[in-house]
1. Quick one: how many residues across segment 4-47 are over 21 Å from Arg91 (Cβ atoms) and touching a residue at least 24 places away in the same chain (Cβ under 8 Å)?
2. Among the residues of segment 57-73, what is the count of those that are open to solvent by 60 Å² or more (accessible area, probe 1.4 Å) and either under 30 Å from Ile89 (Cβ atoms) or modelled with pLDDT under 70 (or both)?
3. Pull out all pairs, ordered by first then second residue, where Cβ-Cβ is under 6 Å, the residues are six or more apart or on different chains, the first lies in segment 74-91 and is open to solvent by 60 Å² or more (accessible area, probe 1.4 Å), and the second is modelled with pLDDT under 80 and not in a helix (DSSP H, G or I).
Amino acid sequence: MFGILVSAFNLVLGFLVKSVMVKFAVFFGLFFITTGFIAVLVSSGLLPSATGLNSSLSSLSPFGAYFFDLFALSTGISMVISAYVTRFIIRRIPLIG
């Protein structure tokens, strides 16, 4: 009985070490590199920022601003732009895309 438990423990431990920890290390490294790379691109001005979007939405009429605020369109548009930029960057990384 003790041999079966030790074998099961070794199997689970081997699975965790071989697959889970290796994948965690690889994806953490990719995350760290990607976030650093994006920070450099944003600070250098190569990627667009959402400040222009907020300033352009502030010049709407009160009727249009009410519906934009009701549906939180400024937040949604910023999220969509961020998602497209992230998708573009991820597809350009050879290891992931």
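1. Here the count works out to 0.
2. 4
3. Note: pairs meeting the criteria are Ile90/Ile96; Ile90/Gly97; Arg91/Gly97.
The values are calculated or read from the model by the stated rules, or taken from the named source; none is laboratory data. All values reported here derive from a predicted model rather than from experimental measurement. Positions of Cβ are backbone-derived with ideal geometry, glycine not excepted, and every protein chain shown enters the neighbour counts. Only protein heavy atoms, including side chains, enter the accessible area calculation; ligands, DNA and RNA are left aside. Shrake-Rupley method; radii C 1.70, N 1.55, O 1.52, S 1.80 Å.
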